[in-house]
Amino acid sequence: MSRILLILALFLGTGLRSAQTQEATPLSPGLIGNKWHAQWIACPDAPPKDIAVFYFRKEITLASVPAHFWVHVSADNRFLLHVNGQYAGEGPARGDLFHWRFETIDLAPLLRPGRNILASTVWNFGTRAPVAQMSSRTGFMLQGNTKMEEIANTDTSWQVKEEKGRGLAAKNGVAGYYAAGPGERVDGRSMTWDWDSASVAGGAAWHAAEVIGRVAMREAQDADNNWELVQNQLPAMEHRQVSAGRILHMEGVEGIISNPQGSLEIPANTRATLLLDNGVLQTAYPELTMSGGRDAEIQLTYAEALYDAQGNKGNRNEIAGRYIEGVSDEFISDGGERRSFQPLWWRTWRYLQIEVTTKSSPLRLEKLDAWFSAYPFQEKASIDGDIPDLKKLWDTGWRTARLCAHETYMDAPYWEQLQYVGDTRIQALISYAMTGDSRLARQAITNIEASIIPEGLTQSRYPSRLPQFIPPFSLLWVDMLHDYWMYVNDEPLVRETLPRTRGVIDWYASRLRPDGLVGRVKWWEFGDWTSGYEGGSPPQDADGGSTFLTLQFIEALRNAGELEKRYGSRERAAEYEGMIRKAADALNRLNWDERYGVYADTPAKKSYSQQANVLAVWQDVAPKAEQVGILRRVLASQEEKETAFGGRTVPPMSAMSYYFRFYLSRALEHAGLADLYVDQLTPWYDMLKLGLTTWAEKPEPTRSDCHAWSASPNYDLLTVVAGIHPDAPGFAKVRIEPHLGKLHEIHASMPHSRGAIETVYHLVGSVWVATITLPNGLDGSLIWGRREYPLHSGVQMFRLSQSSSMGSE
């Protein structure tokens, strides 16, 4: 067995090789005029919208290789582009038909003098495509950037062939709501293995491509098809080789022959199973290379966790008595040498199971590779200090944020891969604070804007071919724009988008009750996953009156009002302030319950929730003198029964999920209780004890083991604990207001467009020594208790009282 395990280690590879990664280059299509000359092409006589995979290819001849050979490429649903048999790029980044994106790729590094083969796999998953995938019909286009590159343009000179060997697995293999891509089924006996090879010389299966429309930029408005093209402004997704995992368990391995080269030979008429554990969750393209074994069936199953006999996940590190269930890909071997199987879309797994059933001839598994795929965020922030297991907390949050960010933000990389506004707001803030990269957030704001319907609301998630409406998420989109304004120096986008926020505000304003509270609204009024919120929606009376929904409206009014004062209508800003005052007065008259010293969910005072009270404090609706008491009662409350705290009875209160604890952090900071923040990390420590390597969607039992909205501690550690905040739009100034609680030292760094903001705090006896370093051109203030100290570029040191109620320099 030990020798087999050694061979398996070789079989799994070392992950030393990396693939080409390119930054998106904002080349102007005007270099070849607004009227492009390429054509959208398709396979003649093929159904335009059915599930199908096609190969497109063209040969070009170059006297020499230019310094650059830029092309613009797109497809519906998607493409994978190879040049001379090598990976060149993929896409397009998801959007809708009115914003159909194309990728800009430099082919020069893969070209050579003489004959060159451009080849692309294009696929349409039809009705089984991911919910995030919008579509018109199958099509492919490639447009050269200048006259030189136009020799590559798509037209009838391209050849096309339908791939009969690729299809979809019969079912997705998962229980529960699943919206991501389907498993695939590949029959190697029917595959065209040399589709990107120079050796292909045509044949009856290859046809001249059919022209189906003109390629046109959105601005040109001369297209005879539904694709309104816009350039993708994001960089190429990261594409690098990583480990697929280590072998944990094997069955049916008797008779397996291990070869010195690292391959495994599975005898004829054998069924063998290998279970791999990657140690941590990852998003990657698996690539399994095999030889021989004609008619052998291979199945790859991907899972976030294993399940026990009762269908529970439990500790994610445990495998005894557990089974795998999840999305699967299937492959049938044609008996050829070194056949490489890779699905068309990346997969998400910690655990990966390979099941092999051989027929009349043995199969040799040569190697298993994995190619990591995600948005190429670079971690630029850091934090160190005496918070227990700080590195585990930080690394797990960063991994969660990365796996939930691709060409859009995603709620969950395994289950849905949809860009929900509630998740995305938190994800964007993490991106600003940890990376300084705002490009994905910008595209998220414009994507959600594109979903606005005539009534004025955004959709809850976008892009999405299935419309869904969560009106509170439209309010959070307004808040997202305000967040972006504070962190990113991009006034043009804010000015351009601000008028679109008015439809959201007006939709809610038309549904206010006479007393100023939000009335009943339609669709899904999601607030949080908690026991007291049926289906996630906060309680309402027959005519509305929800504390939670009214407070979310107040937050959007505040944020929109600030933007209106700066860039829009001061009359609107004044109107918003009036609505805030009226709603706040109604909440304090009708929804405040003096018996308990907290806000009820509605004027009927039949239920109470932590969420509503957290928002009341954060939005300053609760009187200043009450805010600390409210939060302390919230933290002392229980879901199922009354509790006693501070001489008062606290009613049963619906508990916050991981998602809503982001808002708790804001409320603690607002009320002056942020020194309690580190004590609020218990839910995340509990997840670590369960063996999670990314943060879950909600407390056990949870569907998703990786959910972006739960990664907020990374943001909180930098902002609440280390205290680094923008203090003017575009992060033109910084406010540093740390909350160190029982800590003794903390060192944090946050990226800024001018450089790094560094904060170092050491407790020496009863004095905090604070060293603040700001990049050139940035100034601001240090807030310590009731004192404010000016900050300037460079290094400055302060000696501060341990008591946060006073400070001395």
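Observations on the model:
- Separation of the Leu248 and Lys49 label points, Cα + 7 Å toward Cβ, nm: 4.3 nm
- Looking at the chain, the accessible area is 37 square angstrom per residue; that uses a 1.4 Å probe and ignores ligands, DNA and RNA.
- Gln796-Ala108 pseudo-label distance in nm [points 7 Å out on the Cα-to-Cβ vector]: 4.7 nm
- Computed E for Ser569/Arg189 - FRET, C-beta separation, R0 56 angstrom, nearest 0.05: 0.25
- Computed on the chain, with alpha-carbon pairs under 8 angstrom and 6+ residues apart, the relative contact order is 10 percent.
- Solvent-accessible area of the chain (1.4 angstrom probe, protein heavy atoms only): carbon and sulfur portion equals 50 percent.
- If you plug the beta carbon distance of Phe98 and Ala644 into 1/(1 + (r/R0)^6) with R0 = 51 Å, you get a FRET efficiency near 0.30.
- Net charge over other residues, Cβ less than 14 angstrom from the Cβ of Asp675 (K, R count +1; D, E count -1): -2
- Sorted on the mean count of surrounding Cβ atoms within 10 Å across their residues, most packed first, peptides 788-798, 589-599, 317-327, 690-700 read 690-700, 589-599, 317-327, 788-798.
- Against the main long axis of the alpha-carbon atoms of the chain, helix 2-12 sits at an angle near 90°.
- If you take the Cα centroid of segment 338-373 and the Cα centroid of segment 710-724, the two points sit 40 Å apart.
- Relative contact order of segment 410-561, defined on C-alpha pairs under 8 angstrom at six or more residues apart (%): 20 percent
- Nitroxide proxy distance, nm - points 7 Å out along Cα→Cβ at Arg511 and Arg581: 2.6 nm
- Segment Ala320-Val764, length gained on full extension (0.36 nm per residue, minus Cα span): 154.9 nm
- For a straight C-alpha distance cut-off of 12 angstrom, the aspartates and glutamates reachable from Lys58 (same-chain residues fewer than eight places away being disregarded) are Asp155, Asp196.
- Extension gain, Asp222-Arg439: 0.36 nm per intervening residue step, less the Cα-Cα distance, totals 75.2 nm.
- Estimated FRET transfer efficiency (Glu534, Ser199; beta-carbon r; R0 45 Å; 0.05): 0.10
- Length added when fully stretched, Arg240-Arg589, from 0.36 nm per residue minus Cα-Cα: 119.8 nm
- Cα centre as origin, Lys/Arg/Asp/Glu Cβ charges: the chain dipole, Debye: 120 debye
- If you take all other residues with their beta carbon under 9 Å from the beta carbon of Asp277, and give Lys and Arg +1 and Asp and Glu -1, the sum is +2.
- Which listed pairs, of Lys565/Lys624; Lys624/Lys742; Lys392/Lys689; Lys606/Lys641; Lys164/Lys359, have C-alpha distances above 18 Å, in listed order: Lys565/Lys624; Lys624/Lys742; Lys164/Lys359
- Taking other residues whose beta carbon is less than 9 angstrom from the beta carbon of Gly536, and scoring Lys, Arg as +1 and Asp, Glu as -1, yields -3.
- Only Cα pairs under 8 Å and 6+ residues apart enter the sum, and on that basis the relative contact order of segment 565-710 stands at 16 percent.
The values are calculated or read from the model by the stated rules, or taken from the named source; none is laboratory data. For clarity, every value in this text was computed on a predicted model and none was experimentally measured. As a convention, Cβ positions derive from the backbone with ideal geometry for all residues, glycine included, and neighbour counts pool all protein chains shown. Each accessible area value is taken on the protein alone, full model and side chains, heavy atoms only, with ligands, DNA and RNA left out. Shrake-Rupley method; radii C 1.70, N 1.55, O 1.52, S 1.80 Å.
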